[in-house]
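Data first, discussion second: the structure below is written as structure tokens.
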Amino acid sequence: MNIAETLRGLRRRWYIVLPGIIVAAGLASWMWVSTPPMYERTATQLLLPGAATLPESTEGAPNPFLYLGGLTTAADVTVGALNAPQIVREATEAHAGSEVSVTRDPSTSGPVVLITATAPSDEAAADIIDTMLQQTVDVLDALQSEQEVTEDAKVTVSTLAVADESELNYRDRALYSVGAGAGAVLLALLLAAAVDGLVRQRGRRRVRAARKERRAGGAAKRRDTATALAGADEVDDPIEDVDKPRTETVDAPRTEKAGVGPDPVASPSAEKSAPKRSTTPGNRAAVADLEVLAEVDVALDRLLLAERAPIGARRQGNP
């Protein structure tokens, strides 16, 4: 089945497709209203090198922001530690339905950590951000303490920015609404296609059965007609005996008398007559039955062709 036939089938089953679309629209609207929006808040932190790792300067303490190039690896390690399940669970377990993610800030090449919290309320998002900011300090300090790094050589964390207000995130609401609507429409289309296929299959079976029955009846009638014609030939057309002598008409010699016209001499003659088939009412009825059967076969063929013809051909009235 190609696309054109599928579209024609859906058009024929509009009474299934149209209610399905209406139900899908209602379901999508209900999902949009019933799904609350999520609140999203972000914060960024910068990793700074320890004082002992900076070069000595006679003019005072060196600027740590000039030596951030070697901290990208430390930032990646910190991000991986903060994404541990136990840390994420500790930050979100008090707020059902909330999420948190920690990544390297893609907008900069420095050792900047980006924390994103998504929660059902603005207060929950703010609480998650505060918890994760403290977790960054604790995790980084624990990692360095395990390696027995001195205090003056430890990498420190500085908070760069924290969003004051959360932004509304409609991603989940849109996802649920579109999914529910699309699923309902797809179900309606599949149901319409299945119903159309079953109906057309039953129709084809009925047409084939009718044609088979007509052909069987036509064959029986043709056999009866042939038998009737054979019987009529036996009755109406006598069989001539080839050995029987044929008589022909012979003209007798004519004699003329004075004052008297020609005196024909009568002689017995037998004219040869060709056998003729008599047209009886039974023969005419048999011929009429054959013509009716031929017209029925032509009509059935046109009906099958009309079912398979494209829409444009049907509108023009072509078979």
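The values are calculated or read from the model by the stated rules, or taken from the named source; none is laboratory data. Predicted, not measured: the structure shown is a model, and the values here were computed from it. Note that we place each Cβ from the backbone using ideal geometry, even for glycine, and neighbour counts take in every protein chain shown. Areas reflect the complete protein model, heavy atoms only, side chains present, ligands, DNA and RNA absent. Shrake-Rupley method; radii C 1.70, N 1.55, O 1.52, S 1.80 Å.
Take the stretch 90-118 and flag every residue that is acidic (Asp, Glu) and open to solvent by 40 Å² or more (accessible area, probe 1.4 Å).
In the first step, residues of the stretch 90-118 are kept if they are acidic (Asp, Glu); the result is 90, 93, 99, 105.
Passing the criteria: 90, 93, 99.
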What is the residue count in the stretch 1-40 for residues that are in a helix (DSSP H, G or I) and more than 21 Å from residue 120 (Cα to Cα)?
24
On the given criteria, is residue 79 of a type outside the set (Gly, Ala, Ser), crowded, with 16+ Cβ neighbours inside 10 Å, under 20 Å from residue 131 (Cβ atoms) and free of Cβ contacts under 8 Å to residues at least 24 places away in the same chain?
no
Six or more apart or on different chains, Cβ atoms under 6 Å: show the pairs whose first residue is in the stretch 288-308 and under 20 Å from residue 228 (Cβ atoms) and whose second is modelled with pLDDT of 70 or more.
289/221; 293/218
Residue tally, condition without any contact (Cβ under 8 Å) to a residue 12 or more places away in the chain and under 25 Å from residue 156 (Cα atoms), over the stretch 90-129:
3
Search the stretch 18-35 for residues that are open to solvent by less than 60 Å² (accessible area, probe 1.4 Å) and pair each with any residue that is of a type in the set (Lys, Arg) and part of a helix (DSSP H, G or I) when their beta-carbon atoms are under 7 Å apart and the residues are at least 6 apart or on different chains.
35/173
Answer with yes or no whether residue 66 is in a helix (DSSP H, G or I), open to solvent by less than 40 Å² (accessible area, probe 1.4 Å) and either modelled with pLDDT under 90 or in contact with an Asp or Glu (Cβ under 6 Å, 6 or more places away or on another chain) (or both).
no
Reported set for the stretch 145-169 where residues are open to solvent by 100 Å² or more (accessible area, probe 1.4 Å) and farther than 30 Å from residue 53 by Cα is 164, 165, 167
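Of the residues 220, 188, 228, 232, only one is touching a Gly at 6+ places or on another chain (Cβ under 6 Å), open to solvent by less than 60 Å² (accessible area, probe 1.4 Å) and modelled with pLDDT under 80; which?
On the way: 220 fails: touching a Gly at 6+ places or on another chain (Cβ under 6 Å); 188 fails: modelled with pLDDT under 80; 232 fails: touching a Gly at 6+ places or on another chain (Cβ under 6 Å).
Every option except 228 fails the conditions.
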In the stretch 18-28, is there at least one residue being among the aliphatic types (A, V, I, L, M) and modelled with pLDDT under 90?
no
With the stretch 102-172 as the region, which strands (runs of 3 or more DSSP E) entirely inside it contain at least 2 residues that are aliphatic (A, V, I, L, M)?
112-119, 156-162
Quickly run through the stretch 131-144 and pick out the residues that are open to solvent by 30 Å² or more (accessible area, probe 1.4 Å) and either touching a Gly at 6+ places or on another chain (Cβ under 8 Å) or within 16 Å of residue 101 (Cβ to Cβ) (or both).
131
Looking at this structure, is residue 138 within 49 Å of the chain's Cα centre (by Cα) and closer than 30 Å to residue 169 by Cα?
no
Every residue in the stretch 96-124 that is of a type in the set (A, V, I, L, M) and farther than 21 Å from residue 172 by Cα, please.
112, 113, 114
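Can you tell me which of 142, 192 is of a type in the set (A, V, I, L, M) and over 30 Å from residue 29 (Cβ atoms)? Give the derivation first.
Working: 192 fails: over 30 Å from residue 29 (Cβ atoms).
The unique qualifying residue is 142.
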